[in-house]
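Worksheet: one structure, shown below.
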Amino acid sequence: MATSNTEEIKEIERKEQGVINFDEFPPEVLIKHPLQHTWTLWYYEPDKSKLWEESQREITSFDTAEDFWSLYNHIKPASELRQGCDYSMFKQGIRPMWEDDANKLGGRWLINLDKKQRAMDLDHFWLEILLCMIGEAFNEYSDDVCGAVVNVRLKGDKIGVWTANSNCEESVMEIGRKLKERLRITPKVTIGYQVHKDTMIKKGSQTKNSYTV
């Protein structure tokens, strides 16, 4: 099911990298593989002359596996973004901000990476998370996933997977467990889930974790 969808998406990547020459086939046989949802890529670059929301740029949307790879292969990897910049990928109609109606009751699984992991893990983690989302790899809980954000920062990068309702413990925990499994994060490393409303009103530099895996 969901796993086979993701494998199918990876197979399409191999084809687009030259294993099969699509030019050899007539147009009528080149049928694209539709995704269950339409997804939108956003790009954030800090600009002191603009409000934070105004600096969020909606780049493009896609609804097939082929269009995802076409987009992914033509943009900079996350590891090459300037300090302070973000990529966000959300289901179409959902903005990458806490205040959006689809996000305001939810939270995020947060993966923190130190500086050396930018070269080793950042791009791999980000791509694997995107494939999990568009391939519906969270099984019956995939509908609860709103999107994901990667933050490139001087002190260390972050990847957040956002869900719609922080009170749905079963869904939140299953999504977290699947993330650890797919990213092959060692059991010794704990990742935490933060509720958006707690992040908005935090008094210190850290937001408490409501769930951990």
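What follows draws every value from the coordinates through simple rules; no lab data is involved. Being a predicted model, the structure only gives us computed values, none of them experimental. Here the Cβ positions follow ideal geometry from the backbone for every residue, glycine too, while neighbour counts run over all protein chains shown.
What the table shows:
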quantity: Degrees between helix 169-183 axis and first principal axis of the chain (Cα, 0 to 90, nearest 10); calculated: 60
quantity: Burial order of peptide ranges 48-59, 119-130 (average beta-carbon count within 10 Å, highest first); calculated: 119-130, 48-59
quantity: In sequence order, calculated HN-Hα J values of the stretch 195-201 (Karplus, 6.51, -1.76, 1.60; Hz; x Gly/Pro); calculated: 7, 4, 5, 5, 5, 5, 10
quantity: Along each principal axis, Cα extent of the chain, largest first, Å; calculated: 61, 42, 35
quantity: Sequence-distant residues sharing a close amide H with residue 192 (under 5 Å, placed H); calculated: 110
quantity: Label-to-label distance, nm, for residues given as residue 190 and residue 102 (7 Å Cα→Cβ offset); calculated: 3.2
quantity: Overall form of the stretch 146-213 per C-alpha gyration tensor (a/c, 1.5; a/b vs b/c); calculated: oblate
quantity: 222 nm mean residue ellipticity, helices alone, for the chain (DSSP H n ≥ 4; -39,500 (n - 2.57); rounded to 500); calculated: -7500 deg cm²/dmol
quantity: Gyration tensor (alpha-carbon) shape descriptor, the stretch 106-177, a/c threshold 1.5; calculated: prolate
quantity: Neighbourhood charge, 12 Å Cβ-Cβ cut-off, centred on residue 96 and excluding it, Lys, Arg +1 and Asp, Glu -1; calculated: -1
quantity: Fully extended contour minus Cα-Cα distance, from residue 80 to residue 210, at 0.36 nm per residue; calculated: 43.6 nm
quantity: Inter-site label distance for residue 52 and residue 120 at 7 Å from Cα along Cβ, in nm; calculated: 3.1
